[in-house]
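The values are calculated or read from the model by the stated rules, or taken from the named source; none is laboratory data. It should be emphasised that the depicted structure is a prediction, and the values quoted were computed from it without experimental measurement. Positions of Cβ are generated from backbone atoms using ideal geometry, with glycine treated the same way; all protein chains shown enter the neighbour counts.
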Amino acid sequence: MNTSSQFVDYVRELLAPLAPFTDGKFFGGHAMKYQGIQFAMIMGNTLYFRVNANTRPEYERRGCQPFSYSTKKGLVEVRKFYSLPEELFEQPEELLVWAR
């Protein structure tokens, strides 16, 4: 699962109003951190935001999926990170609300 550098650049542009944040390579993908805490990651060409008990239900209601990967023992879901609703990429201000 290769992460496209163009997609990473696109996400950086979308999240620029949240600056300053740092980003870098992360397990074959890309991680974004604010004040040392990871708030987003890109795997392949999918952006995932970190969720918690308060925000997870809205992600699930909107049909978002947790980050997952396959192992020899089966599929592992990482329920700390969820994909975003596709329409947020057309609504940059709303995407920033979800990022916060």
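Among residues belonging to region 71-83 that are hydrophobic (A, V, I, L, M, F, W, C) and at pLDDT below 95, point out the one that is surrounded by the most Cβ atoms within 10 Å (Cβ to Cβ).
Only one residue fits best here, namely Val78.
Can you tell me which residue in region 64-100 is nearest to Lys33 (Cα to Cα), limited to those that are of a type in the set (Lys, Arg) and either part of a strand (DSSP E or B) or in contact with a Cys (Cβ under 8 Å, 6 or more places away or on another chain) (or both)?
By that ranking, first place goes to Lys80.
Considering only residues that are basic (Lys, Arg) and surrounded by 15 or more Cβ atoms within 10 Å (Cβ to Cβ), which ones fall in region 45-70?
Residues of region 45-70 basic (Lys, Arg): 50, 56, 61-62.
Selection gives Arg50, Arg56, Arg62.
Between a residue in region 15-29 that is surrounded by 10 or more Cβ atoms within 10 Å (Cβ to Cβ) and any residue that is at pLDDT below 85, which pairs come within a Cβ distance under 8 Å, given they are 6 or more apart or on different chains?
Leu18/Arg100; Gly28/Met1; Gly28/Asn2; Gly28/Thr3; Gly29/Met1; Gly29/Thr3
Report, by residue number, each residue of region 64-100 that is under 18 Å from Glu13 (Cα atoms) and of a type in the set (Lys, Arg).
Passing the criteria: only Arg100.
Does region 42-63 hold any residues that are assigned to a strand (DSSP E or B), within 17 Å of Leu96 (Cβ to Cβ) and of a type outside the set (Phe, Trp, Tyr), and which are they?
Ile42, Leu47, Arg50
For region 56-99, which residues satisfy the criterion of being touching a strand residue (DSSP E or B) at 6+ places or on another chain (Cβ under 8 Å), farther than 14 Å from Thr46 by Cβ and of a type in the set (A, V, I, L, M, F, W, C)?
Leu75, Val76, Trp98, Ala99
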